[in-house]
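Below is one structure, written out as structure tokens; the observations come after it.
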Amino acid sequence: MAERDPKEIDELRTIIQAHQAWLKRPSSGRRADLSFRDLSRLNLERVSLAGAKLAGANLGNTRMVKADLSQADLFGADMEAVDLTGAVLTGADLRGANLHRALLTDANLRGADFRAGELVDGGQESPGQKMARGTGTTRLTEAKMERSILAGANFSGCDLTGADLNDADLTGAELTSAVLMGTDFCGANLDGAVFGNTVMDHATLTRTFIPFALPPDAIVRPNYTAMPVAEFLDLVERHERWVDSGGAEGARLDLDLVSVAGADLHGRTLAAARLRRCRLPGARLTKASLEMAELSYIDLDEADLRGAVLRGATLRRAYLAHTLMNGVDAGPVALAGGRDWPANFEGADFSDADLREAVMGPAVVRGAVFTNALTDRSGIDVSAASSPLPPPPPEERRRQKRFVRPGMIVHTDHGSFPARNWSVGGLCLLAVDQPYQRGQTFRARIVLADRQEVAAVANLVVLHRDEERGQLSVRFHQYGDDLKTLLKTAFLEHQKMAG
């Protein structure tokens, strides 16, 4: 555990031990009540707190890898940056919780409740505790939820802006009124998911595969607040005074979900400004200073950024289609201690953008889209940007639901191999004497064993080789329409077979 008062640590240890006894036989222990306790930065790896009371607890930066929090009461808990990799939270009450940048990779959150909920001061249930009501939004902003099981989870009204849900199982999940701006659903299973008044920006909707027809009101665009250009320029002027005075005068430019069309910001100073989830279509930002600006999920469609300074700026999953970015300086910023802070364009859309002569070599561009973009002499390695992420370590291997039926056959340059089982994220192949190595990517043709006309060509990344059993575990890298159709068909066939 982290550095704490030894008496406090002993008390927490006693509570947890009594809870273990309670789980085995209620009469021999006591259910843990850690509501409103400060558990931040502690090491609670593999701890079993199933059914425990943790409402309003501070779990910020706590390490809870492979912990058991099934059916736990986490109402209104502060769980920012908590590490719940591989943890079990089935049926957990997470209403109103703050899970900003939480690590939930490979976690099991089946049936978890992420609806709104807020702790308020009035009407205390017991001394030192607060009542709860359902008004505060649950935040999963920029949470890492790759390969997590979220089947049947309730995300009504939840803010999932920037969350990573690659290969996650969202079968039957409730997404009514959820905010899905910049959310990554690549490879996620959305069969049976419920959409209604769900907020999705254009870029997210374009790259998300929803395997069924949606009613007209299922998806709505973000509700941007339109701001007159003159009012916006006044805020920019105050920001420039804030920068020049080192924060002594003026005010930092900090906006969210604001739309300003056609603003002329030539040569203006926007260093360290925050314009997350904003729209500045057609903006003139030539030679503007945007050093260390926070511009994640911004829409700069057809903006002119020629000669702009973007050193150390963050434009994660920004919409930069049709932009002019010739000569942009997106190099790193040197921080104290010799560390460099790179510009971040992870997952950004550069379709039809002009990036010639830009300084982009050191920038983070993994997962970015460069369809028809001009990148001559920009330093961008387009092939590296679209290359697969390294395979997860063994302890973080996928935990998605696997299926045996219907069978699949994978045809490769080195032979044809039947799939022992498959999931929406990959396959386990019976592949004796094959040459593929861990981390290698290879192209294959996948067909349904009983329906040869249902086929797809896909790139497969080797996760694991089992020489003794003659098995090869692979994951899908990028999902073309034919692969999505094959997986949807296979899933529907499985449902028919299962009755």
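The values are calculated or read from the model by the stated rules, or taken from the named source; none is laboratory data. On a predicted model such as this, the values are computed, not experimentally measured, just so you know. Quick reminder, even Gly has a Cβ in these numbers, built from the backbone with ideal geometry, and neighbours come from all protein chains shown. To get the accessible areas, we keep the full protein, side chains included, count just its heavy atoms, and leave off ligands, DNA and RNA. Shrake-Rupley method; radii C 1.70, N 1.55, O 1.52, S 1.80 Å.
Considering only residues that are part of a loop (DSSP other than H, G, I, E, B) and touching an Asp or Glu at 6+ places or on another chain (Cβ under 7 Å), look in the range 73-86 and name the one that is nearest to ALA18 (Cα to Cα). Let's see the steps before the verdict.
Here is the first cut: in the range 73-86, the residues part of a loop (DSSP other than H, G, I, E, B) are 74-77, 79-82, 84-86.
Filter once more, so that each one left must be touching an Asp or Glu at 6+ places or on another chain (Cβ under 7 Å): 74-76, 85-86.
On the way: LEU74: 19, PHE75: 22, GLY76: 24, THR85: 25, GLY86: 24 Å.
Ranking the qualifying residues of the range 73-86, first place goes to LEU74.
So, VAL462, is that one closer than 24 Å to LEU190 by Cα and part of a strand (DSSP E or B) or not?
So VAL462 fails the test.
Quick one: is GLY247 closer than 20 Å to LEU150 by Cα and not in a strand (DSSP E or B)?
Numbers: closer than 20 Å to LEU150 by Cα: no; not in a strand (DSSP E or B): yes.
No.
Which is assigned to a loop (DSSP other than H, G, I, E, B), modelled with pLDDT under 95 and on the phi > 0 side of the Ramachandran plot, of GLY307, GLY347, GLY327, GLY267?
Criteria check complete, one pass: GLY347.
Is it true that some residue in the range 402-418 is in a strand (DSSP E or B), under 24 Å from PHE209 (Cβ atoms), of a type outside the set (A, V, I, L, M) and at pLDDT 85 or above?
Yes, some residue in the range 402-418 is in a strand (DSSP E or B), under 24 Å from PHE209 (Cβ atoms), of a type outside the set (A, V, I, L, M) and at pLDDT 85 or above.
Answer yes or no as to whether ARG95 is touching a strand residue (DSSP E or B) at 6+ places or on another chain (Cβ under 6 Å), closer than 16 Å to GLY56 by Cα and not acidic (Asp, Glu).
So ARG95 fits the description; yes.
Taking the residues in the range 472-497 that are touching a residue at least 40 places away in the same chain (Cβ under 8 Å), among the aliphatic types (A, V, I, L, M) and out of contact with any strand residue (DSSP E or B) (no Cβ under 7 Å at 6 or more places or on another chain) as candidates, determine which candidate is most open to solvent (accessible area, probe 1.4 Å).
Result: MET497.
So ALA81 clears everything in (1) open to solvent by less than 30 Å² (accessible area, probe 1.4 Å); (2) of a type in the set (Gly, Ala, Ser); (3) within 17 Å of LEU99 (Cβ to Cβ) except one condition, right? Which one?
(1)
How many residues are without any contact (Cβ under 8 Å) to a residue 24 or more places away in the chain and out of contact with any Cys (no Cβ under 8 Å at 6 or more places or on another chain) if we restrict to the range 407-432?
Of the residues in that region, 3 qualify.
Across the range 284-301, what is the number of residues that are open to solvent by 10 Å² or more (accessible area, probe 1.4 Å) and within 17 Å of ALA368 (Cα to Cα)?
Our first condition is that a residue be open to solvent by 10 Å² or more (accessible area, probe 1.4 Å); within the range 284-301, this holds for 284, 286-287, 289, 291-292, 294, 297, 299, 301.
Still in the list and also within 17 Å of ALA368 (Cα to Cα): 297, 299, 301.
Number of matching residues: 3.
Take the range 146-163 and flag every residue that is surrounded by 24 or more Cβ atoms within 10 Å (Cβ to Cβ), among the polar types (S, T, N, Q) and farther than 27 Å from ASP299 by Cβ.
Residue satisfying the conditions is SER148 alone.
Do you know which residues across the range 7-42 are open to solvent by 70 Å² or more (accessible area, probe 1.4 Å) and in a loop (DSSP other than H, G, I, E, B)?
Listed by number, the residues that qualify are ARG25, ARG30, ARG31, ARG41.
Suppose we filter the range 311-335 for residues that are closer than 11 Å to LEU295 by Cα and open to solvent by 10 Å² or more (accessible area, probe 1.4 Å); how many remain?
Adding up the residues that qualify gives 4.
Which condition does GLU453 not pass, out of (1) more than 20 Å from ASN189 (Cα to Cα); (2) in contact (Cβ under 8 Å) with a residue 12 or more places away in the chain; (3) open to solvent by 30 Å² or more (accessible area, probe 1.4 Å), if it passes all the others?
(2) is the only condition that GLU453 fails.
Go through (1) over 30 Å from LEU486 (Cα atoms); (2) part of a helix (DSSP H, G or I) one by one and return the number of the condition THR286 breaks.
(2)
From the list ASN166, ASN223, pick out the single residue that is modelled with pLDDT under 90, surrounded by fewer than 22 Cβ atoms within 10 Å (Cβ to Cβ) and assigned to a loop (DSSP other than H, G, I, E, B).
Among ASN166, ASN223, only ASN166 is modelled with pLDDT under 90, surrounded by fewer than 22 Cβ atoms within 10 Å (Cβ to Cβ) and assigned to a loop (DSSP other than H, G, I, E, B).
Could you please give the count of residues in the range 184-220 that are buried (at least 21 other Cβ atoms within 10 Å of the Cβ), without any contact (Cβ under 8 Å) to a residue 24 or more places away in the chain and either among the hydroxyl-bearing types (Ser, Thr, Tyr) or over 21 Å from ARG110 (Cα atoms) (or both)?
2
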